[in-house]
Amino acid sequence: MRENRRSALSVLAGASALALSALTAPPALADDAAPAPVEVRLPAGVTIVEGVAPEPGAEVPFPVDGPEPSEAADATTSTRAAPPSTTCLGATSAYGARGCFQHNGDVVWAGDTKKDGMSAAVGVYTDYGRAEEVCVNKLGVNTWATCDKDYRETGNVRLRVLRYDGDTGKFYQPESWSGWIPVDGG
């Protein structure tokens, strides 16, 4: 009798563990679709800036529909010499969106990589207290949009890549953050 109770408790414990593991699934990766959009609340007062198409013939940071940018393109730590002016720093990706920062001209790039009715969004945060802004690419899938800003040259910026639904004005996960990027590229 005692052995039957132990068996029943073991089965019950195993079923509970299985149910718990099904509820705690890992987060979606950059190419995996989230099962349902999860809303992200941004701080009050965030300015939303609609990005514009780059000038014809402008060199885009990397193909929006290509493989993930290389680690070499991610400059989240300082280097002695500034990279070329067209280099896009802090390359960051999340499902459906890519972003980076071009230090020459303080240009934020937002790339839309998924045809899902949402737009790519790149939030920009500074280490010196400037109000947060979000560059939104409403140009459609497989496009880049740019937002030309003017940040303090002695400061750093940090990018937050996520999705934006223009119909509701809401932001959604999955999201990804870059490290701190020197505005002067150095």
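Which numbered condition trips up V136, out of (1) of a type outside the set (D, E, K, R); (2) more than 23 Å from G57 (Cα to Cα); (3) touching a Gly at 6+ places or on another chain (Cβ under 9 Å); (4) touching a residue at least 60 places away in the same chain (Cβ under 8 Å)?
Condition not satisfied by V136: (2).
Would you check if there is a residue in region 99-107 being over 16 Å from V49 (Cα atoms) and at pLDDT 95 or above?
So far as region 99-107 goes, no, none of its residues is over 16 Å from V49 (Cα atoms) and at pLDDT 95 or above.
Evaluate the following for T154: is it surrounded by fewer than 16 Cβ atoms within 10 Å (Cβ to Cβ), of a type in the set (V, I, T) and either without any contact (Cβ under 8 Å) to a residue 40 or more places away in the chain or within 19 Å of P56 (Cα to Cα) (or both)?
So T154 fits the description; yes.
Only residues that are buried (at least 21 other Cβ atoms within 10 Å of the Cβ), in a loop (DSSP other than H, G, I, E, B) and more than 11 Å from the chain's Cα centre (by Cα): list them for region 84-103, please.
Once the filter is applied, which keeps residues that are buried (at least 21 other Cβ atoms within 10 Å of the Cβ), in a loop (DSSP other than H, G, I, E, B) and more than 11 Å from the chain's Cα centre (by Cα), region 84-103 yields only H103.
Taking the options V141, V136, name whichever one is farther than 19 Å from P182 by Cβ, β-branched (V, I, T) and part of a loop (DSSP other than H, G, I, E, B).
Testing whether each residue is farther than 19 Å from P182 by Cβ, β-branched (V, I, T) and part of a loop (DSSP other than H, G, I, E, B) leaves just V141.
If you scan region 103-136, which residues turn out to be among the polar types (S, T, N, Q) and under 11 Å from V157 (Cβ atoms)?
Across region 103-136, the qualifying residue is only T126.
Would you be able to tell me the number of residues in region 164-176 that are touching a Ser or Thr at 6+ places or on another chain (Cβ under 7 Å) and in a strand (DSSP E or B)?
2
Of all residues being of a type in the set (A, V, I, L, M, F, W, C) and part of a helix (DSSP H, G or I) in region 19-65, which is modelled with the highest pLDDT? Just the residue, please. Break it down stepwise before answering.
Initially, region 19-65 is screened for residues of a type in the set (A, V, I, L, M, F, W, C), giving 19-20, 22-23, 25, 28-30, 33-34, 36, 38, 40, 42, 44, 46, 48-49, 52-53, 58, 60, 62, 64.
Narrowing the set further to residues that are part of a helix (DSSP H, G or I) leaves 19-20, 22-23.
Values: A19: 41, L20: 37, A22: 37, L23: 38.
The extreme case among them is A19.
Within region 177-186, which residues are surrounded by 19 or more Cβ atoms within 10 Å (Cβ to Cβ), not in a strand (DSSP E or B) and not polar (S, T, N, Q)? Can you show your working first?
Residues of region 177-186 that are surrounded by 19 or more Cβ atoms within 10 Å (Cβ to Cβ), as a first pass: 178, 181-183, 185.
Applying the additional criterion that residues be not in a strand (DSSP E or B) yields 178, 183, 185.
Passing the criteria: V183, G185.
Filter region 104-119 down to residues that are buried (at least 16 other Cβ atoms within 10 Å of the Cβ) and within 25 Å of D184 (Cα to Cα), then give me how many there are.
Going through region 104-119 one residue at a time, the tally reaches 6.
Filtering region 109-131 down to residues that are part of a loop (DSSP other than H, G, I, E, B) and within 16 Å of A97 (Cβ to Cβ), which residue is nearest to the chain's Cα centre (by Cα)?
By that ranking, first place goes to T113.
The values are calculated or read from the model by the stated rules, or taken from the named source; none is laboratory data. Remember, predicted model here, so these are calculated numbers, not experimental data. Reconstructed Cβ throughout: ideal geometry from the backbone, glycine too, with neighbour counts over all protein chains shown.
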